[in-house]
Structure formats: structure tokens, C-alpha cells
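Below is one structure, written out as C-alpha cells, with a few remarks after it.
The values are calculated or read from the model by the stated rules, or taken from the named source; none is laboratory data. Keep in mind that what you see is a predicted model, and the values were worked out from it rather than measured. All Cβ positions, glycine included, derive from the backbone under ideal geometry; neighbour counts span all protein chains shown. Calculation scope for accessible area: heavy atoms of the full protein, side chains included, ligands and nucleic acids excluded. Shrake-Rupley method; radii C 1.70, N 1.55, O 1.52, S 1.80 Å.
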Amino acid sequence: MLRVLNVRLSRCTVLAQLMRVPLPQLATPRMLGVDDLALYGDTYGTLLVDATTRLPPTLWESRHAEQLSRWPRAHPGVKSACRDGSLTYREGIADGAPDAVRVSDRFHLWQGLPRRVQDRRRPRRGCLRAALPAPSPTGPEPPSMATEPGQDTPPVSTPNGLAMP
């Protein structure tokens, strides 16, 4: 569009100007989603999302429980908070919105489910061995050659290696 208007500005200048435009104030979400994201390099940020409208009320450059706990205190009305398994986010939500129902998000539930199943199953491994019958010292029994009436007889191999019905 700038080219059409014959205005010479770089994309970075246009983005910097757009970032200065204040966003409209959003209502406090009843269902709040909390997650972290990589901003650049080793710098991470915290993103809050209204789970109903899917609009982000705020984003900040840190992953600290104190900062997360300040936001729900300043914006009362959060009824539930969906988060990942982070201890930091658990503490921040518990401190900032103690009455909110805290739930884990679907991605992290599915990601952690196999690990939890393995943790629960590991102490019970010996129980399965004890419940199974002990193997016979001579090995498994050979299958029975008897057939029921109306069934074909199993093939029998001859000394020359040919199978006979």
C-alpha cells in the first residue's frame, strides 16, 4: 500500500508505528488461558488469552509467578484458568485467583499421560510376573494332533521333506 501511495518507509518503521497504537481494553476474561512462548533466543514470555473470545488481553516478557499473580488481582472476575504443567504458573494462578478453578490444557495432558502411566505401572511390574504360571522346565507342550470330525487332518512331513495330507 505504501508503494501505491508513493511513500518510502521501511517495514520496520511501519511495524514500530503500529506497535505504538494502543489496543482497546478487553473485558476481564472469565476463562483465562496461560501459556509461555519463545520470543527470541533464550527469552520467553507469558501470554494470557481469553478462552471464550480467543483474544489476548496481555503478553509480557517473563515467566514469573509474581507477575502472573498480579494480573488476576488487578482484573477480578477470572472463574477458571487453563495452564500447562508449570509450577510457576500454578503458583501464580493460585496466588492471584485463589477461587478460580485451575485446569491443565489438553496438549500438556496428552503429552504427560504416557509418562504418568509409566510411573504408575513401574512399581507393579513384579505383580504381573507373580500372577503368571511358571513355565514348564521341558518347554511348551506340542500341539495336539487329534482332529475333530469334519476337519482336515494336519499335514505330515515325510523323510524326503514332502508334506502329505
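Tabulated results
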{"quantity": "Subset tally (residues that are part of a loop (DSSP other than H, G, I, E, B), open to solvent by less than 90 Å² (accessible area, probe 1.4 Å) and not β-branched (Val, Ile, Thr)) for the range 73-82", "calculated": "2"}
{"quantity": "ASP152 open to solvent by 100 Å² or more (accessible area, probe 1.4 Å), assigned to a loop (DSSP other than H, G, I, E, B) and either at pLDDT 80 or above or touching a Leu at 6+ places or on another chain (Cβ under 8 Å) (or both)", "calculated": "no"}
{"quantity": "Tabulated pairs, the range 58-76, first of a type in the set (S, T, N, Q), second assigned to a helix (DSSP H, G or I) and at pLDDT below 90, C-beta under 8 angstrom, 6+ apart or interchain", "calculated": "none"}
{"quantity": "Qualifying residue in the range 88-99 (condition: closer than 27 Å to TRP110 by Cα, in contact with a Phe, Trp or Tyr (Cβ under 7 Å, 6 or more places away or on another chain), basic (Lys, Arg) and open to solvent by 30 Å² or more (accessible area, probe 1.4 Å))", "calculated": "no"}
{"quantity": "Counted residues, the range 83-124 - those being of a type in the set (D, E, K, R), outside any helix (DSSP H, G or I) and touching a residue at least 24 places away in the same chain (Cβ under 8 Å)", "calculated": "3"}
{"quantity": "Residues of the range 23-72 that turn out to be assigned to a helix (DSSP H, G or I) and either of a type in the set (S, T, N, Q) or surrounded by fewer than 12 Cβ atoms within 10 Å (Cβ to Cβ) (or both), as a count", "calculated": "2"}
